[in-house]
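Below you'll find the structure, written out as structure tokens, and then a few comments.
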Amino acid sequence: MRLSKMHLKTLREVPNEAEIASHILLLRTGMIRKLASGVYGFMPFGWRSIRKIEDIVREEMDAKGAQEIHMSAVQPSELWEESGRWYAYGPELWRIKDRNGRDFCLGPTHEEVFTDIVRNDISSYRQLPQNLYQIQTKYRDEARPRFGLMRSREFIMKDSYSFDKDEAGLDKSYDDMYDAYTNVFSRCGLMFRPVEADSGAIGGNNSHEFTALAEVGESEIAYCEHCSMAATTERAETRDDAPCDAEMLPMEEVYTPGTKTIEEVANYLELDTKQTIKALLFVKYDKEGKEDGYVAAFVRGDRELNMIKLVNALDIPEHAIAFADEEKMSAATGCVGGFTGPVGLHDCIVVVDSELTGMKNLCAGACKVDHHIKNVNYGRDYKGDIVCDLKTLKEGDPCPVCGAPVKHARGIEVGQVFKLGTKYSASMGAYYKDENQEDKLIVMGCYGIGVTRTLSAIVEQHHDENGIIWPMSVAPYHVIVTLVNAADETQSKVAEDIYAALQKAGVEVLLDDRDERPGVKFKDADLLGIPVRITVGRGAASGNVEYKLRRDAEKTDMTIEAAIEAAITIVNEEKTGR
């Protein structure tokens with residue numbers, strides 16, 4: 001392709017709206033174009049890379065026997081009501097009505113649609129297993145779109161769904177997809193880590209998130225260097241401190257004026273924060289958005305509450321809980337803002353972190369202004385309606401598997417795999433008949449790859465101060481031939497000859513034949529990140545050109561023939577990403 005004929009607009013200045021490298025560079029290169037907040041289109045260079053990511057996904061999915069289909073993004077509400085997600089998915093579900101007032105949504109995912117297909121088309125165990133997938137635009141009405149393609153309201157996703165006879169079949173399908181995802185992200189040139197993850201609104205009982213490591217990532221992962229433990233901090237289990245065998249002391253109410261925080265009360269009473277109980281107060285909402293009772297959650301004073309663990313314990317969606325108005329909650333439950341403890345609370349759900357049950361003689365709020373209670377003990381003085389792990393696993397905490405200190409890293413979620421089991425087949429009636437002609441529920445898995453987010457993650461990991469450095473497998477073009485002086489007949493002929501030779505060899509090549517200064521052409525070549533650059537300048541008269549890989553600092557003078565051969569060789573070696 002000739003750059004003089006391309007629709008290309010690069011920017012020298014950093015766009016004001018962009019905060020992270022991938023967003024900045026995708027806008028500066030003109031690869032994406034903003035239409036509205038969280039809604040982007042793709043221009044020629046960006047779309048070519050998107051299609052290459054999609055092709056890698058297709059190759060790996062097809063290699064595992066998955067079959068590609070394409071469903072509508074517009075989904076009737078009836079399917080979502082069957083599964084129970086019309087409410088549970090929350091405000092991110094983009095709901096619309098047709099002219100007749102019938103409810104639809106713009107699909108953020110397609111579990112219901114694919115389950116509906118299979119329950120209508122599959123009746124016998126002989127038709128299983130199956131794996132169907134699609135690559136399609138998805139919609140989520142994000143409250144705060146940010147970071148360009150990283151958290152947008154419209155995005156391209158590969159979603160696939162496996163259908164098996166039993167759990168053993170699901171295990172095989174899950175392992176196949178895990179392997180396929182490993183291949184996909186490796187071929188895209190990403191440094192990534194698969195980690196255990198929460199299933200969220202998708203549901204199911206087992207999930208792994210594929211996280212591309214990046215400091216700007218919204219996913220925080222905890223991992224252990226001494227064993228195989230790796231999980232998102234939302235999902236990561238924690239290890240309770242060993243129970244205390246001290247004798248229970250009598251409760252004692254103490255005056256603690258103005259000590260509303262854990263640090264303040266601990267300092268005032270000269271206690272370690274580990275000897276205190278932290279209270280967090282919430283209100284629940286029902287399906288109509290009306291208040292539906294209160295929740296008091298308690299963790300050790302030096303711990304942080306994990307909200308995902310709390311909503312899972314309550315078996316409610318994330319959008320159905322919020323921090324309570326303390327005055328309103330006080331009137332209903334007896335709590336007191338800043339001085340709430342588990343003793344004496346009423347008319348609310350009390351959720352207690354499992355660690356507290358083994359500790360002795362702790363300090364907690366007295367549910368009375370400017371007062372706390374010392375020597376509070378679980379079982380004797382209070383009990384929980386729910387007792388479970390509520391803590392966030394922090395860096396340096398003991399690994400829940402081996403006990404070694406855990407480490408934290410940030411990353412970008414580029415894919416996730418889920419074992420759904422019978423969550424959707426049970427609610428939507430997806431059965432097959434087994435060998436004995438008995439009805440059995442189909443066992444399902446689902447598997448997603450964020451195609452546009454993968455593009456962003458690649459740029460986040462592969463760039464420098466001058467621009468993008470594309471891995472060959474996903475680069476919009478493999479080689480750029482930079483013609484220094486288009487008015488020089490010798491240079492023009494050499495550039496055209498190289499361009500033709502590379503095209504004939506199947507190399508995706510750009511010819512920068514624009515009437516621009518050499519400096520502009522070099523800056524654009526670096527900004528666009530094309531993996532190989534062949535510069536045709538004054539040396540063309542003696543049969544020499546300059547050869548440079550975008551990822552390397554060195555430039556090499558070569559004969560025309562050697563440069564062509566070197567470019568063809570490296571492209572053929574690296575273009576598949578294998």
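The values are calculated or read from the model by the stated rules, or taken from the named source; none is laboratory data. Worth saying up front: this structure is predicted, and the values here are computed from it rather than measured. Glycine also receives a Cβ, built like all others from the backbone with ideal geometry; neighbour counts cover every protein chain displayed. Please note that ligands, DNA and RNA were not included when accessible areas were found on the heavy atoms of the full protein model with its side chains. Shrake-Rupley method; radii C 1.70, N 1.55, O 1.52, S 1.80 Å.
Testing Ser124 on (1) of a type in the set (Ser, Thr, Tyr); (2) under 30 Å from Glu438 (Cα atoms); (3) in contact with a helix residue (DSSP H, G or I) (Cβ under 9 Å, 6 or more places away or on another chain), one condition comes back false. Which one is that?
Here Ser124 meets the rest and fails (3).
Answer yes if at least one residue in region 222-241 is open to solvent by less than 50 Å² (accessible area, probe 1.4 Å) and closer than 22 Å to Val343 by Cβ, and no otherwise. Quick ask: steps written out before the conclusion?
If we filter region 222-241 for residues that are open to solvent by less than 50 Å² (accessible area, probe 1.4 Å), which is where we start, we get 222-224, 227, 229-233, 236, 238.
From the residues that got through so far, the ones that are closer than 22 Å to Val343 by Cβ too are none.
No; the residues of region 222-241 include none that is open to solvent by less than 50 Å² (accessible area, probe 1.4 Å) and closer than 22 Å to Val343 by Cβ.
Can you give me the number of residues within region 536-567 that are open to solvent by 30 Å² or more (accessible area, probe 1.4 Å), basic (Lys, Arg) and free of Cβ contacts under 8 Å to residues at least 40 places away in the same chain?
Residues in region 536-567 being open to solvent by 30 Å² or more (accessible area, probe 1.4 Å), basic (Lys, Arg) and free of Cβ contacts under 8 Å to residues at least 40 places away in the same chain: 1 in total.
Quickly run through region 324-348 and pick out the residues that are in contact with a helix residue (DSSP H, G or I) (Cβ under 7 Å, 6 or more places away or on another chain) and either under 23 Å from Glu237 (Cα atoms) or open to solvent by less than 80 Å² (accessible area, probe 1.4 Å) (or both). Walk me through how you get there before you give the answer.
Here is the first cut: in region 324-348, the residues in contact with a helix residue (DSSP H, G or I) (Cβ under 7 Å, 6 or more places away or on another chain) are 335-337, 345-348.
Cys335, Val336, Gly337, Leu345, Cys348 - these are the residues of region 324-348 that are in contact with a helix residue (DSSP H, G or I) (Cβ under 7 Å, 6 or more places away or on another chain) and either under 23 Å from Glu237 (Cα atoms) or open to solvent by less than 80 Å² (accessible area, probe 1.4 Å) (or both).
Of the residues in region 459-474, how many are open to solvent by 40 Å² or more (accessible area, probe 1.4 Å) and assigned to a loop (DSSP other than H, G, I, E, B)?
Final tally of qualifying residues: 3.
Just a yes or no: is a residue in region 519-535 surrounded by fewer than 18 Cβ atoms within 10 Å (Cβ to Cβ) and more than 40 Å from the chain's Cα centre (by Cα)?
No, every residue in region 519-535 fails to be surrounded by fewer than 18 Cβ atoms within 10 Å (Cβ to Cβ) and more than 40 Å from the chain's Cα centre (by Cα).
Scan region 81-105 for residues that are aromatic (Phe, Trp, Tyr) and over 18 Å from Thr137 (Cβ atoms) and report the count.
Looking only at that region, the number is 2.
Based on what the data block shows, is Tyr447 more than 24 Å from the chain's Cα centre (by Cα) and part of a strand (DSSP E or B)?
Spelling it out, it is not the case that Tyr447 is more than 24 Å from the chain's Cα centre (by Cα) and part of a strand (DSSP E or B).
Go through region 475-507 and count every residue that is crowded, with 18+ Cβ neighbours inside 10 Å and in a loop (DSSP other than H, G, I, E, B).
Residues that pass the stated criteria total 6.
Quick check, is Lys284 assigned to a strand (DSSP E or B), modelled with pLDDT of 95 or more and within 25 Å of Gly384 (Cβ to Cβ)?
On the way: assigned to a strand (DSSP E or B): yes; modelled with pLDDT of 95 or more: yes; within 25 Å of Gly384 (Cβ to Cβ): yes.
Considered against the rule, which asks whether it is assigned to a strand (DSSP E or B), modelled with pLDDT of 95 or more and within 25 Å of Gly384 (Cβ to Cβ), Lys284 comes out as yes.
If we keep just the residues of region 295-323 that are among the charged types (D, E, K, R) and in contact with a helix residue (DSSP H, G or I) (Cβ under 8 Å, 6 or more places away or on another chain), which is nearest to Asp353 (Cα to Cα)?
Ranking the qualifying residues of region 295-323, first place goes to Arg300.
Tell me whether region 296-313 contains one or more residues that are in a loop (DSSP other than H, G, I, E, B) and under 23 Å from the mean Cα position of the chain (by Cα). Break it down into steps so the answer makes sense when it comes.
Start the filter on region 296-313 by keeping residues that are in a loop (DSSP other than H, G, I, E, B), which leaves 301-304, 306.
Narrowing further to those that are under 23 Å from the mean Cα position of the chain (by Cα): 304, 306.
Checked region 296-313: at least one residue is in a loop (DSSP other than H, G, I, E, B) and under 23 Å from the mean Cα position of the chain (by Cα).
Can you spot a residue in region 144-166 that is under 25 Å from Ile96 (Cβ atoms), among the polar types (S, T, N, Q) and assigned to a strand (DSSP E or B)?
Within region 144-166, not a single residue is under 25 Å from Ile96 (Cβ atoms), among the polar types (S, T, N, Q) and assigned to a strand (DSSP E or B).
Would you point out which residue out of Ala230, Ala246, Ala222, Ala197 is under 27 Å from Cys388 (Cβ atoms) and more than 30 Å from the chain's Cα centre (by Cα)?
Values: Ala230 fails: more than 30 Å from the chain's Cα centre (by Cα); Ala222 fails: more than 30 Å from the chain's Cα centre (by Cα); Ala197 fails: more than 30 Å from the chain's Cα centre (by Cα).
Criteria check complete, one pass: Ala246.
Would you point out which residue out of Leu441, Leu393 is in contact (Cβ under 8 Å) with a residue 12 or more places away in the chain, touching a Pro at 6+ places or on another chain (Cβ under 9 Å) and more than 22 Å from Gln134 (Cβ to Cβ)? If you could, list the steps in order and put the result at the bottom.
On the way: Leu441 fails: touching a Pro at 6+ places or on another chain (Cβ under 9 Å).
That would be Leu393, the only listed residue that is in contact (Cβ under 8 Å) with a residue 12 or more places away in the chain, touching a Pro at 6+ places or on another chain (Cβ under 9 Å) and more than 22 Å from Gln134 (Cβ to Cβ).
Can you tell me which residue is surrounded by the fewest Cβ atoms within 10 Å (Cβ to Cβ) among those in region 18-45 that are assigned to a strand (DSSP E or B) and either of a type in the set (Ser, Thr, Tyr) or within 19 Å of the chain's Cα centre (by Cα) (or both)?
Val39
Give me the residue from region 366-388 that is under 24 Å from Val311 (Cα atoms) and in contact with a strand residue (DSSP E or B) (Cβ under 6 Å, 6 or more places away or on another chain) and, out of that set, most open to solvent (accessible area, probe 1.4 Å).
That would be Asp385.
Counting only residues that are charged (D, E, K, R) and more than 23 Å from the chain's Cα centre (by Cα), which one in region 69-94 is most open to solvent (accessible area, probe 1.4 Å)? If you could, list the steps in order and put the result at the bottom.
Of the residues in region 69-94, the ones charged (D, E, K, R) are 78, 81-82, 85, 92.
With the extra rule that they be more than 23 Å from the chain's Cα centre (by Cα), the set shrinks to 78, 81-82.
Values: Glu78: 80, Glu81: 102, Glu82: 74 Å².
The extreme case among them is Glu81.
Are any residues in region 389-442 closer than 25 Å to His226 by Cα, open to solvent by 30 Å² or more (accessible area, probe 1.4 Å) and touching a Leu at 6+ places or on another chain (Cβ under 9 Å), and if so, which ones?
Result: Pro400, His408, Arg410.
Under 6 Å by Cβ, and 6 or more places apart or on different chains, what pairs join a residue from region 63-90 that is more than 13 Å from His110 (Cα to Cα) and modelled with pLDDT under 95 with one that is open to solvent by 50 Å² or more (accessible area, probe 1.4 Å) and assigned to a loop (DSSP other than H, G, I, E, B)?
Tyr87/Lys287
Checking Asn183 against (1) buried (at least 21 other Cβ atoms within 10 Å of the Cβ); (2) among the polar types (S, T, N, Q); (3) assigned to a helix (DSSP H, G or I), which test does it fail?
Of (1) buried (at least 21 other Cβ atoms within 10 Å of the Cβ); (2) among the polar types (S, T, N, Q); (3) assigned to a helix (DSSP H, G or I), only one is false for Asn183: (1).
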